[in-house]
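Every number in this text was worked out from the coordinates using simple rules, so none of it is lab data. Predicted, not measured: the structure shown is a model, and the values here were computed from it. As a convention, Cβ positions derive from the backbone with ideal geometry for all residues, glycine included, and neighbour counts pool all protein chains shown.
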Amino acid sequence: MKLFQEFKKFALRGNVLDMAIGVILGAAFGKIVTSMVTDVIMPPIGLLLGKVDFSALFLSLSGKSYATLAEAKAANAATLNYGLFINAVIDFVIVAFVVFLLVQQFNRLMERTKKAEAPAAPATRDCPYCLNSIPIKATRCAHCTSELKPAVA
């Protein structure tokens with residue numbers, strides 16, 4: 001029972017839920033990118049390259065010749081599906097580029113946040129003689145007229 005309670009505590013922490021949401025959204029995004037590559041990007045590229053359907057490009061390793069990939073799979077022939085591999089590489093490049101853009105924007109946002117949170121340099125300092133507040137660049141105290149050393153930056 002204690003193990004279950006510890007697991008429940010772990011699973012309901014915010015970062016675990018955030019990670020789970022990220023994985024789910026990532027999987028959905030991957031499906032969108034795959035569809036975009038398969039259904040939108042590759043057909044025009046195939047058309048430009050002489051009406052090539054990349055998803056149908058394969059080599060039969062069994063020595064026999066097959067007209068289509070489906071025909072080779074139906075015959076249980078060993079095939080090297082380099083067209084599907086090309087699609088997968090393009091999928092990866094698009095996802096990697098989008099992740100790069102997201103991380104880049106996140107880093108810029110964090111940099112701005114750090115700059116906004118950085119404490120401002122003090123504008124005043126205390127006179128070492130009378131302890132009244134004076135401007136940081138002052139060389140003479142306006143209250144006690146003592147000469148002061150320049151402030152160290």
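To the nearest 0.05, what FRET efficiency results for Asp39 and Ala96 with a Förster distance of 22 Å applied to their C-beta separation? Intermediate values should be presented prior to the final figure.
Values: r = 20 Å, r/R0 = 0.92.
Efficiency, from the Cβ-Cβ distance: 0.65.
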Using only the Cα atoms of the range 2-118, build the gyration tensor, take square roots of its eigenvalues as a ≥ b ≥ c, and label the shape rounded, prolate or oblate: rounded if a/c is under 1.5, else prolate if a/b is larger than b/c, else oblate.
oblate
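Which of the peptides 108-116, 25-33 is most tightly packed, and how do the rest follow, judged by the mean count of other Cβ atoms within 10 Å per residue?
Working: 108-116: 9.3, 25-33: 12.0.
So the peptides 108-116, 25-33, ranked by packing, come out 25-33, 108-116.
Go ahead and run the numbers for FRET between Ala78 and Ala56, Cβ-Cβ distance against an R0 of 22 Å, rounding to 0.05.
Values: r = 17 Å, r/R0 = 0.76.
Here the calculated transfer efficiency is 0.85.
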I want to check the label-to-label distance for Asp126 and Phe7. Put each point 7 Å from Cα in the C-beta direction and report it in nm to one decimal.
5.9 nm
In terms of modelled amide H atoms, which long-range or inter-chain residues lie less than 5 Å from the amide H of Tyr66?
none
